[in-house]
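Mind having a look at this structure? Questions to follow.
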Amino acid sequence: MTRPKSLWTDVEALARLARSGRVAEDASSEAKPVRGPRSRRSYPAFPDHMEFDIHGADSPARGVAGDSFDFFFVSDDTLAFLIADVSGKGLPAGILMGVTRSMVRNLTPVSKSPGEVLTRVNEILYQTDLGPMFVTIFLGWYDTRTGALRYTNAGHPHPYLMDGVGNVTPRCKTTGPILGILEVEEYAVREEQLQVGDRLALFTDGVTEAVDPQGEFLGNEGLERILKQHAAEPVNKLCESVIQEVVDYQDSNLQDDATFLLIRRNA
């Protein structure tokens, strides 16, 4: 693969910074965590596109999050959206997440599919030698006219499909390994179809691996219960409700970043 020289230089420099940040953070006291959901995008995100809604919220375990979500248009009718999680948390994870998100945005215009994007990102991260750090990511290209979704899931938790009659079912399973640890010839692309009223709920493992004061994990069953409980809420409110439930479940003692992203197909 031919790499843009400036991008490759930036990745190498930021990878060194992430490794340095990990050492510095290990030697310092932990930053104070954020207690409660942060809604980091306005709602609706694209007021000129009433055919879908998309929103995300998160709560970092420390001041800087290693989780992230993003969404932007690939073409007039194709929306790219992602949710990702870097191993670890705090400053080092936040730096690597910023690098990864930037690479996805830079490589998308010159790629033919979400699989090609992640294949290129993985090659760069693998050759950068991140040590024990890695990235899980779900990248989707969504046709806003038809509801068709092409996606690549690099080791990320399976999203849930919430249909219009209250069913909550896992979808969009893994199509390739996590980024940065293995040479991968090509990340596979799969397809999913959203019907009118369907919502696709994406999350990081800080949601399902939330632990209450008694040491019990929230788990997938707990998340499914929360999704059903708040199913009638609009997209932005549902995102914030999920994160608040996760924070409350842990009695505000977050051990990992928690991030949630929701996209809905409208009429």
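The values are calculated or read from the model by the stated rules, or taken from the named source; none is laboratory data. If you're wondering where the values come from, they're calculated on a predicted model, not measured in any experiment. A quick note on method: Cβ atoms are made from the backbone with ideal geometry, for glycine too, and the neighbour counts reach across all protein chains shown.
Just to be sure before I move on: is residue 188 touching a helix residue (DSSP H, G or I) at 6+ places or on another chain (Cβ under 9 Å), surrounded by fewer than 20 Cβ atoms within 10 Å (Cβ to Cβ), not β-branched (Val, Ile, Thr) and not in a strand (DSSP E or B) in the structure I sent?
yes
Could you give me the residue pairs with C-beta distances under 6 Å whose first residue belongs to segment 57-73 and is under 17 Å from residue 250 (Cα atoms) and part of a strand (DSSP E or B), whose second residue is small (Gly, Ala, Ser) and at pLDDT 90 or above wherever it lies, and which are 6+ apart or on separate chains?
Taking only residues 6 or more apart or on different chains, the pairs are 59/258.
Looking only at segment 137-157, count every residue that is surrounded by fewer than 21 Cβ atoms within 10 Å (Cβ to Cβ), assigned to a loop (DSSP other than H, G, I, E, B) and touching a helix residue (DSSP H, G or I) at 6+ places or on another chain (Cβ under 9 Å) and tell me the total.
The number of residues fulfilling the criteria is 0.
Considering only residues that are among the polar types (S, T, N, Q) and in a strand (DSSP E or B), which ones fall in segment 158-172?
Selection gives 169 alone.
Scan 89, 32 and give me the residue that is exposed (fewer than 15 other Cβ atoms within 10 Å of the Cβ) and either modelled with pLDDT of 95 or more or assigned to a loop (DSSP other than H, G, I, E, B) (or both). Before the answer, list the steps.
Numbers: 89 fails: exposed (fewer than 15 other Cβ atoms within 10 Å of the Cβ).
Of the residues listed, the single one that is exposed (fewer than 15 other Cβ atoms within 10 Å of the Cβ) and either modelled with pLDDT of 95 or more or assigned to a loop (DSSP other than H, G, I, E, B) (or both) is 32.
What are the residues in segment 66-118 that are small (Gly, Ala, Ser), in contact with a helix residue (DSSP H, G or I) (Cβ under 6 Å, 6 or more places away or on another chain) and more than 23 Å from residue 239 (Cα to Cα), if any?
Hit for segment 66-118 is 111, nothing else.
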